[in-house]
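A short write-up of the structure that comes next.
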Amino acid sequence: MAAVPIHVALSFDDKYWAPAYAVMRSICLTSIRRKDVVFHLCHTALEPGHAAVLNRITEEFGAIVVHYDPAGNAAFRELMTLLRTTDRFPPIVYTRLLLDQLVPVEVERIIYLDCDVMVCQPIEILYDTDMGGKPIAAAFDPFHLAITKGRDIRSRQTAIDTGNRYFNSGVLLIDRARYAATDLPGKIRAMAESGMLGDVFFDQELLNLVFLNNWQPLSWRFNVLMPKSPHESMHPVILHYTGSRHPWNPFSGVAFHRLYRHVMTNEVYYTFLAERTPRWLQPIIAVARNVTMRRRVMK
Amino acid sequence: MSPPHIALTFDDNYWAPAYAVMRSICLASRRPADLNFYLIHIGLDPVHRAELDAIAAEFPATLHHIDLSTEPAYRDLVSDLPIAPPFTPVIYARLLLDRLLPKDVERVLYLDSDTFVRVPVEDLLATDLEGKAIGAVLDAHRHIHMFRRDLKANRDVFDYNFPYFNSGVLLIDRTAYAAANLPARAREMQQNGLLKRLQYDQALLNLAFRDNWLPLDYRWNLINPEPAHEMLEPFILHYTGPRKPWSILPGAAFGRLYRHVMTNRNFKTFQRQRFIRALLSPLAPFAGKS
């Protein structure tokens, strides 16, 4: 009997090529079924060198990597005429809203992950979770009051009541048929026509509005927001590096920051760091890189 | 109901933390008078031994001293095994637990000396091991331990999903533990160079008991505990990492409580000894020590 694939979708642009690689590698390192994992990478144009690194996952672990350009999808282009974007929330973040239209028809269930996550336990634990007949499963967002209501928890007016359960959209388990039946594009068009879209907090609030009281709660371990060192020993499944500290920055102080560098691999870590560093600081990066690489040779 | 058996292995550098482990167990236990401690040590100063023995008077638990310097099995085992600072050969003593403990001990709880027990230890000892040789907690840092840099080393030894446990808290079925013949395994790993490449005794135990250990709740071995963990009601704290509760400014979970469990007198004595040892450590090579 053929193995059942585990479908995982990521969406990112070239600025996040290395964190995407770390997400993929963390999944493969911890999964018992790594050869069954199919990565659906939804991204804008990547530098050829970056794409080559992402494709190395297949060589190292046997997982399948498939690339998609959402801009080639008419529904996505139409949706983008309605939705607000910023530097922090570029169009690519909305890819998750149309996953049911992007991935092949045989995909019945799919995990969506933001690229600022690291998976610490077999991804199949999440993939095999009972969704209770709901279109999506997600983890509660403990920061929902500030997100939905703003400063003093009253500066923003949204349709989401403070008493409603609100999920973080960085880790989603999606039932493809039920997700498609929700008709997200149609609902977004209706919101646009009623003037509701102007102040909506990007994809996360859209999803919370559409799936209000219609999502399956996951344990907090599946989406540990702003993880710090105390979380390390609490057996998290997925760490989600929200907030201002990211593990791809030196001295981040986040949970498993050292492990993250090794998951990303030192070579990719320092390449990515150099790409983001001003020219005058490049010599320091070069020295750090050389020291690290020399240590590896010595070991 | 069989008495709770607890084993600690340590040298004189850890006499006070060993005392704190024992006292924490006695303070939390519903049956302190039934507790049996097996103190497996080497080079223990008689004054420190007397401090440890005070536990028997206070609670009164029963203490059994096993001096490794008089155990040929220990000398034979550690003579060729690799070790590097900060570890000392005494870490290998737990491989001999089945040979060192009295014959009537069927189940024993092994604890590292940098632990702190906060619940009745008999609850853990009563755990159904479901036919496994040991009970332990999955190690949160297992990937780095096993695969080192870029997680690419030792792939010939471990696979990525190797269920690697932390060996600081071990619930042991003595018969099954003995069947693993750990000393022979250690010698074999010494000869083929594996022991030096890997994480000493912890790696050895993991290889020996692969698929033969029961995962316990993480609160039975909460590694590197910080103040944020205190409200989670951890069962056994394991002070791995840089934050030690016997430091003056510990920053570890329950740091203040730990000092009172160790007792302020022992805490201060231990502080003084550590300070003097640190001062003298640069002179160690001239004294023939390394």
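The values are calculated or read from the model by the stated rules, or taken from the named source; none is laboratory data. Worth saying up front: this structure is predicted, and the values here are computed from it rather than measured. Neighbour counts are summed over all protein chains in view; Cβ atoms, including those assigned to glycine, are modelled from backbone coordinates with ideal geometry.
Does B:Phe209 count as of a type in the set (Phe, Trp, Tyr), within 14 Å of chain A (Cβ to nearest Cβ), crowded, with 17+ Cβ neighbours inside 10 Å and within 25 Å of B:Ala73 (Cβ to Cβ)?
On the way: of a type in the set (Phe, Trp, Tyr): yes; within 14 Å of chain A (Cβ to nearest Cβ): no; crowded, with 17+ Cβ neighbours inside 10 Å: yes; within 25 Å of B:Ala73 (Cβ to Cβ): yes.
Criteria not met by B:Phe209.
Which pairs do you get when a residue that is in contact (Cβ under 8 Å) with a residue 40 or more places away in the chain, found in the stretch A:260-275, comes within reach of a residue that is assigned to a helix (DSSP H, G or I) and basic (Lys, Arg), reach meaning Cβ atoms under 8 angstrom, with the pair 6+ apart or on two chains?
That search, which allows pairs on different chains as well, returns A:Val263/A:Arg25; A:Met264/A:Arg25; A:Thr265/A:Arg25; A:Tyr269/A:Arg261.
Table: residues versus (1) under 16 Å from the mean Cα position of the chain (by Cα); (2) modelled with pLDDT of 90 or more; (3) surrounded by fewer than 22 Cβ atoms within 10 Å (Cβ to Cβ).
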residue	(1), (2), (3)
A:Gly62	no, yes, yes
A:His67	yes, yes, yes
A:Met80	no, no, yes
A:Arg84	no, no, yes
A:Pro91	yes, no, yes
A:Gln101	no, yes, yes
A:Val105	no, yes, yes
A:Ile110	yes, yes, no
A:Asp116	yes, yes, yes
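This table checks each residue for (1) within 14 Å of chain A (Cβ to nearest Cβ); (2) free of Cβ contacts under 8 Å to residues at least 60 places away in the same chain; (3) buried (at least 19 other Cβ atoms within 10 Å of the Cβ).
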| residue | (1), (2), (3) |
| --- | --- |
| B:Ala84 | yes, yes, no |
| B:Leu100 | no, no, yes |
| B:Lys103 | no, yes, no |
| B:Pro120 | no, no, no |
| B:His143 | yes, yes, yes |
| B:Arg148 | yes, yes, no |
| B:Pro163 | yes, yes, no |
| B:Asn181 | no, yes, no |
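Let me spell it out: the conditions are (1) crowded, with 21+ Cβ neighbours inside 10 Å; (2) assigned to a loop (DSSP other than H, G, I, E, B), and A:Pro19 meets all of them except one. Which number is the exception?
(2)
Among (1) assigned to a strand (DSSP E or B); (2) of a type in the set (Gly, Ala, Ser); (3) without any contact (Cβ under 8 Å) to a residue 24 or more places away in the chain, where does B:Ala57 come up short?
Checking B:Ala57 against (1) assigned to a strand (DSSP E or B); (2) of a type in the set (Gly, Ala, Ser); (3) without any contact (Cβ under 8 Å) to a residue 24 or more places away in the chain, the one that fails is (1).
Being within 24 Å of B:Gln273 (Cα to Cα), within 13 Å of chain A (Cβ to nearest Cβ) and free of Cβ contacts under 8 Å to residues at least 24 places away in the same chain is the filter here; which residues of the stretch B:225-261 pass it?
The answer is B:Gly241, B:Pro242, B:Arg243.
Looking only at the stretch A:220-256, how many residues end up being within 19 Å of the chain's Cα centre (by Cα) and at the interface with chain B (Cβ under 9 Å from one of its Cβ atoms)?
3
Which residue, of A:Ile147, A:Ile123, A:Ile136, A:Ile174, is more than 14 Å from chain B (Cβ to nearest Cβ) and within 14 Å of the chain's Cα centre (by Cα)? Spell out the reasoning first.
Numbers: A:Ile147 fails: within 14 Å of the chain's Cα centre (by Cα); A:Ile123 fails: more than 14 Å from chain B (Cβ to nearest Cβ); A:Ile136 fails: within 14 Å of the chain's Cα centre (by Cα).
Just one listed residue meets the conditions, A:Ile174.
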